[in-house]
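Before any comments, here is the structure.
The values are calculated or read from the model by the stated rules, or taken from the named source; none is laboratory data. Worth saying up front: this structure is predicted, and the values here are computed from it rather than measured. In this analysis, Cβ positions are derived from the backbone assuming ideal geometry, glycine residues included, and neighbour counts consider all displayed protein chains. Protein only, heavy atoms only, side chains kept; ligands, DNA and RNA dropped before computing areas. Shrake-Rupley method; radii C 1.70, N 1.55, O 1.52, S 1.80 Å.
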Amino acid sequence: MNSRELFEKALAARENAYTPYSGFKVGAALLTEDGKIYTGVNVENASYGAAICAERTAFVKAVSEGYRSFSAIAIAGGKDGGEMEECWPCGICRQFMYEFSPDLDVTTGSCADKLVTKKLSELLPEGFTLQNE
Ligand code: THU
């Protein structure tokens, strides 16, 4: 599974994003170390702070199925009906993902032909872990 294929899974998942408040739809596709894919979307709420991002949705689905190690995530985001844009994970998602896979490859882009990949450890230098004690 290359980054382009993973991004296309994120793009397809994005259709199910629930975004009546922001209208900003995000899809994520998370690749486990043994090659399984979990997708996620952002799910918003009338109590705005209760919203969950696409990345965490994908992680929660995978972790709740017993997975703990991941190799890559692709993220597709953009305004509903508008152009897609690079969509890098928010700070909470960076820390959430760092818990499991600091070495994760994070890919996003405005389309499948313009992808950028960065290591999570580059997006979140010195992320918090209790293993540092
Ligand atoms: N959002 C994500 O799902 N992932 C990101 O990487 C950035 C932001 C969502 C949260 C909210 O539902 C909407 O995008 C606008 O902030």
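Over the residues of the chain, the helix contribution to mean residue ellipticity at 222 nm works out to -7500 deg cm²/dmol, using -39500 (n - 2.57) for each DSSP H run of at least 4. Averaging the sequence gap over all C-alpha pairs within less than 8 Å and six or more residues apart, then dividing by the number of residues, gives the chain a relative contact order of 21 percent.
Taking the Cα centre of the chain as origin and charging only Cβ (+1 Lys, Arg; -1 Asp, Glu), how large is the dipole, in debye to the nearest 20?
With Lys and Arg at +1 and Asp and Glu at -1, about 200 debye.
Extending 7 Å from Cα along the Cβ direction at Glu33 and again at Glu15 yields two label points whose distance is 3.3 nm. The antiparallel fraction among DSSP beta bridges confined to the chain stands at about 80%. Heavy atoms of the protein chains alone define the surface here; on that basis the chain has 54 Å² accessible area per residue at 1.4 Å probe size. In segment 13-124, taking the dipole from charged Cβ atoms about the Cα centre, the farthest positive-side position among Thr117, Asn16, Ser64 is held by Ser64.
Residues within the reach of a label modelled at Ser121 (point 7 angstrom out along Cα to beta-carbon, backbone nitrogen below 17 Å), restricted to segment 62-95, are 69-73, 94-95.
Which sequence of Arg94, Arg68, Arg4, Arg14 reflects their accessible areas, 1.4 Å probe, from the largest down?
Details: Arg94 50, Arg68 125, Arg4 100, Arg14 25 Å².
The ranking, largest first, comes out as Arg68, Arg4, Arg94, Arg14.
Quick one: how many lysine pairs does the chain have with C-alpha atoms less than 17 Å apart and a gap of 8 or more or different chains? Give me the count, please. Going through the chain pair by pair, I get 6. Across the chain, counting alpha-carbon atoms alone, Rg and Dmax equal 13.9, 47 Å.
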